[in-house]
Amino acid sequence: MDRVSRFLIIGSGIAGLSFALRAAKKGTVNILTKKEAAESSTNYAQGGIATVWSGEDSFESHIEDTHRAGAGLCHTDTVDLVVRDAPSKIRELIDWGVRFTRRTGKREYDLHREGGHSKRRIFHAEDLTGREVERALLERVRENPKIRLFEHHAAVNLITRQKIAFDRRHPDEVLGAYVLDQKTGAINTFVADATVLATGGSGKVYLYTSNPDIATGDGIAMAYRAGATIANMEFVQFHPTCLFHPHAKSFLISEAVRGEGAVLVNRAGKRFMEGIHQMKELAPRDIVARAIDAELKRTGEDCVYLDIRHKGKAFIRKHFPNIHKTCLSFGIDMTKEPLPVVPAAHYQCGGVLTDLHGETDIPRLFAVGECACTGLHGANRLASNSLLEALVFSDRAFRRASEAYTGKPRPRIEIPKWEVGEAQEPDEAVVVTHNWDEIRRIMWNYVGIVRSNKRLFRALDRIDMLRREISEYYWNFRVTGDLLELRNICTVAELIVRCALQRKESRGLHTTIDYPYQDDEHGRKDTLIRRYPA
Ligand code: FAD
Ligand code: SIN
């Protein structure tokens, strides 16, 4: 099996697959994915992809909405290039075979609206946009002879020159990754000219999340261990409306439901977004999630309600067939009753810091999609800008990687095999499950929507202790997929808390009672964190 390729891509969501399809024109591509290929946040995306398309819309308006949501921290150049490149990326998806929803009986595409957007500009495939995108991209990937897809292969660590050779004559660079074959338990070496992290987000760091199980922040943790700069981890986006039901695993109720007229009410039936923001239920997500949090604390209730009954059964079933069906499976008919909803962790706005070409500060290492921090989202992501960012940056990263690195000779270096050493078979799985649960509870209770210094320090103390325990376990026992993920969520939890402690103001998704105001004089900059001082 050939573990050497021009491009090594870790992750098979929209970022990894779209990079792979481009890269295959230039050379061989290996894609690693830790479960079945389709299992990714991409596959669960509902609302869609934002782009300026209609004649009534403009780039300026999408740019302004992105900046407004981002609370003064978006990078102007990144926002500009992403928004202006969006229509061409939608066309590319259509060429790859993605079937977006059209207006009934018309050729035009049906555009939805979501929170923070001042115009209708969301391309969607009913209310299962991600599944359609993932289907089409995977089909293209599977029929491409230049691309090899390794399912059930979890990247463990990046291989850096400094780590294996202590070679100070050459600047550090990434040579590939050590990878756990989850079926055999072996750890193999994958080598490439350019390595791309496309590992998605880290919602599983929190007890309640809209994210699938793969979202354990592996790429961010690996990049941090390798010495890359990580940015803005304090900005964790909580989606305002996830289904409140014991068996629903925080199933997402798309913001498009509010975009089509749903209102938020409390148990008494009173709308509470009026008076909080002029856009009411369509205010940016941080504002809506905070308002729900405040309403729950004020009333002592477990949930609030999302009511779209006034649109009628036919409309609801046509626009939101999957949401309607899924809610019915939990015994809730949204055409007849309001949906009980609560916020849950949804999106990591920070990540591995990249330049405008998706390159990190370690040469030959790229980060694309949710694991990256490109400057697009600032302190709060605008709805449906994430799939878009992944498409735009996978293109930019591919161009840079192929120009700068592929096929260029580099000093020969012998990569040692993964050292198993004295590691034994894991003896106490309970340690993993207990620590997993504890980290996620700590994050939910102490590092949630509204924070305080006292709670952040308390969280840091406990995470420090868990880190030491997990590290000891990690080095003494054979690596398993669960242990890897546990170690990674612990690292990401620590990064979130450390970044949160650095920011001495409230901005966007980071709200703290100790610094309740936005401080434009000192706070208008990214929070940067690095394992090794530069
Ligand atoms: P993902 O799609 O999450 O893919 C990550 C991949 O990396 C997976 O294949 C995973 O298995 C793999 N992986 C992770 N770690 C490893 C490892 N160690 N080794 C090997 N493989 C690994 N955004 C929008 O713009 N519009 C929406 O409508 C929208 N709706 C959403 C709805 C839901 C329920 C959720 C959860 C998110 C939604 N988002 C939406 C956000 C968006 O879906 C994600 O940000 C985006 O899909 C991330 O794409 P990605 O390719 O970066 O990562
Ligand atoms: C949603 O459909 O509400 C999710 C959209 C997003 O996360 O961008």
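The values are calculated or read from the model by the stated rules, or taken from the named source; none is laboratory data. Owing to the predicted nature of the structure, the values given are computational and were not obtained by experimental measurement. Here Cβ is always computed from backbone atoms with ideal geometry, including for glycine, and neighbour counts include all displayed protein chains. Heads up: the accessible areas ignore ligands, DNA and RNA and are worked out on the full protein's heavy atoms, side chains in. Shrake-Rupley method; radii C 1.70, N 1.55, O 1.52, S 1.80 Å.
Please specify each residue of segment 515-534 satisfying the condition of being surrounded by fewer than 22 Cβ atoms within 10 Å (Cβ to Cβ) and either polar (S, T, N, Q) or outside any loop (DSSP other than H, G, I, E, B) (or both). It would help to see each step written out before you state the result.
First pass over segment 515-534, keeping only residues surrounded by fewer than 22 Cβ atoms within 10 Å (Cβ to Cβ): 515-526, 528-534.
Selection gives Gln518, Leu528, Ile529.
Within segment 97-107, can you find the residues that are away from ligand 2 (no atom under 15 Å from the Cβ), open to solvent by 20 Å² or more (accessible area, probe 1.4 Å) and modelled with pLDDT of 95 or more?
Result: Gly97, Arg99, Arg102.
With at pLDDT 95 or above, surrounded by fewer than 24 Cβ atoms within 10 Å (Cβ to Cβ) and either within 16 Å of ligand 2 (Cβ to nearest atom) or farther than 18 Å from Val450 by Cα (or both) as the only criterion, which of Val263, Val236 stands out?
From the options Val263, Val236, the qualifying one is Val263.
Filter segment 178-197 for residues that are in contact with a helix residue (DSSP H, G or I) (Cβ under 7 Å, 6 or more places away or on another chain) and open to solvent by less than 10 Å² (accessible area, probe 1.4 Å); which is nearest to ligand 2 (Cβ to nearest atom)?
Of all residues in segment 178-197, those in contact with a helix residue (DSSP H, G or I) (Cβ under 7 Å, 6 or more places away or on another chain) come to 180, 182, 194, 196-197.
Cutting the leftovers down to open to solvent by less than 10 Å² (accessible area, probe 1.4 Å) gives us 180, 194, 196-197.
Working: Leu180: 30, Ala194: 28, Val196: 22, Leu197: 20 Å.
Across segment 178-197, the extreme among qualifying residues is Leu197.
Output the number of residues of segment 487-534 satisfying the condition of being acidic (Asp, Glu) and under 29 Å from Trp436 (Cβ atoms).
1
Filter segment 216-233 down to residues that are open to solvent by less than 10 Å² (accessible area, probe 1.4 Å) and assigned to a loop (DSSP other than H, G, I, E, B), then give me how many there are.
6
Considering (1) closer than 21 Å to Ile122 by Cα; (2) surrounded by fewer than 19 Cβ atoms within 10 Å (Cβ to Cβ), say which one Val4 fails and leave the rest.
Tallying (1) closer than 21 Å to Ile122 by Cα; (2) surrounded by fewer than 19 Cβ atoms within 10 Å (Cβ to Cβ), Val4 fails exactly one: (1).
Please enumerate the residues belonging to segment 483-511 that are charged (D, E, K, R), touching a Ser or Thr at 6+ places or on another chain (Cβ under 8 Å) and within 21 Å of Lys204 (Cβ to Cβ).
Glu485, Arg487, listed by residue number.
Out of (1) outside any helix (DSSP H, G or I); (2) within 15 Å of the chain's Cα centre (by Cα), the odd one out for Val191 is which?
(2)
Please tell me if His277 is closer than 21 Å to Ala248 by Cα and not in a helix (DSSP H, G or I). Spell out how you get there, then give the answer.
On the way: closer than 21 Å to Ala248 by Cα: no; not in a helix (DSSP H, G or I): yes.
It is false that His277 is closer than 21 Å to Ala248 by Cα and not in a helix (DSSP H, G or I).
Given the residues Thr101, Thr129, which is the only one that is over 23 Å from the mean Cα position of the chain (by Cα) and within 14 Å of ligand 1 (Cβ to nearest atom)?
Details: Thr129 fails: over 23 Å from the mean Cα position of the chain (by Cα).
After ruling out the rest, the residue left standing is Thr101.
Can you pull out the residues in segment 319-339 that are touching a residue at least 24 places away in the same chain (Cβ under 8 Å) and either in a helix (DSSP H, G or I) or crowded, with 22+ Cβ neighbours inside 10 Å (or both)? Write out each step before concluding.
If we filter segment 319-339 for residues that are touching a residue at least 24 places away in the same chain (Cβ under 8 Å), which is where we start, we get 319-323, 326-327, 330, 332, 334-339.
Selection gives His319, Phe320, Pro321, Asn322, Ile323, Thr326, Cys327, Met334, Leu339.
Residues Leu138, Leu158, Leu149: which one is of a type outside the set (Gly, Ala, Ser), open to solvent by less than 30 Å² (accessible area, probe 1.4 Å) and in a strand (DSSP E or B)?
Exactly one of Leu138, Leu158, Leu149 is of a type outside the set (Gly, Ala, Ser), open to solvent by less than 30 Å² (accessible area, probe 1.4 Å) and in a strand (DSSP E or B), namely Leu158.
Restricting to segment 1-35, and then to whatever is more than 18 Å from the chain's Cα centre (by Cα) and part of a loop (DSSP other than H, G, I, E, B), can you tell me which residue is nearest to ligand 1 (Cβ to nearest atom)?
So the residue we want is Arg3.
Under the condition of being of a type in the set (A, V, I, L, M, F, W, C) and closer than 17 Å to Ala345 by Cβ, which residue from segment 374-384 is nearest to ligand 2 (Cβ to nearest atom)? Talk me through it step by step, then tell me what you get.
Residues of segment 374-384 that are of a type in the set (A, V, I, L, M, F, W, C), as a first pass: 376, 379, 382-383.
Retained after the next criterion (residues that are closer than 17 Å to Ala345 by Cβ): 379, 383.
Values: Ala379: 16, Ala383: 4 Å.
Once the filter is applied, the top-ranked residue is Ala383.
Does segment 190-201 include one or more residues that are within 15 Å of ligand 1 (Cβ to nearest atom) and within 21 Å of Gln502 (Cβ to Cβ)?
Within segment 190-201, one or more residues are within 15 Å of ligand 1 (Cβ to nearest atom) and within 21 Å of Gln502 (Cβ to Cβ).
In the set Ala37, Ala45, which member is buried (at least 24 other Cβ atoms within 10 Å of the Cβ) and touching a Leu at 6+ places or on another chain (Cβ under 8 Å)?
Numbers: Ala37 fails: buried (at least 24 other Cβ atoms within 10 Å of the Cβ).
Of the residues listed, the single one that is buried (at least 24 other Cβ atoms within 10 Å of the Cβ) and touching a Leu at 6+ places or on another chain (Cβ under 8 Å) is Ala45.
Which of the residues spanning segment 327-356 are at positive phi and touching a helix residue (DSSP H, G or I) at 6+ places or on another chain (Cβ under 8 Å)?
Within segment 327-356, just Gly351 meets the criteria.
Based on what the data block shows, is Glu370 out of contact with any Leu (no Cβ under 6 Å at 6 or more places or on another chain), touching a residue at least 24 places away in the same chain (Cβ under 8 Å), within 16 Å of ligand 2 (Cβ to nearest atom) and outside any loop (DSSP other than H, G, I, E, B)?
So Glu370 fits the description; yes.
Is there a residue being within 27 Å of Cys499 (Cβ to Cβ), part of a loop (DSSP other than H, G, I, E, B) and within 16 Å of ligand 2 (Cβ to nearest atom) anywhere in segment 385-403?
yes
Within segment 425-484, how many residues turn out to be among the hydroxyl-bearing types (Ser, Thr, Tyr) and open to solvent by 40 Å² or more (accessible area, probe 1.4 Å)?
Total meeting the criteria: 4.
Looking at (1) within 30 Å of Gly523 (Cβ to Cβ); (2) of a type outside the set (Gly, Ala, Ser); (3) away from ligand 1 (no atom under 16 Å from the Cβ); (4) under 23 Å from the mean Cα position of the chain (by Cα), can you tell me which one Tyr347 breaks?
The single condition Tyr347 does not satisfy is (3).
Find the residue count for segment 488-514, including only residues that are without any contact (Cβ under 8 Å) to a residue 60 or more places away in the chain and either more than 24 Å from Arg68 (Cα to Cα) or open to solvent by less than 70 Å² (accessible area, probe 1.4 Å) (or both).
6
Report every pair of residues separated by at least 6 positions or lying on different chains whose Cβ atoms are under 6 Å apart, first residue within segment 2-21 and over 15 Å from Val392 (Cβ atoms) and in contact (Cβ under 8 Å) with a residue 24 or more places away in the chain, second part of a helix (DSSP H, G or I) and hydrophobic (A, V, I, L, M, F, W, C).
So the pair list comes out as Phe7/Ala23; Ile9/Phe19; Ile9/Ala20; Ala20/Val141.
Of all the residues that make up segment 295-317, how many are part of a helix (DSSP H, G or I), free of Cβ contacts under 8 Å to residues at least 40 places away in the same chain and not polar (S, T, N, Q)?
Of the residues in segment 295-317, 8 are part of a helix (DSSP H, G or I), free of Cβ contacts under 8 Å to residues at least 40 places away in the same chain and not polar (S, T, N, Q).
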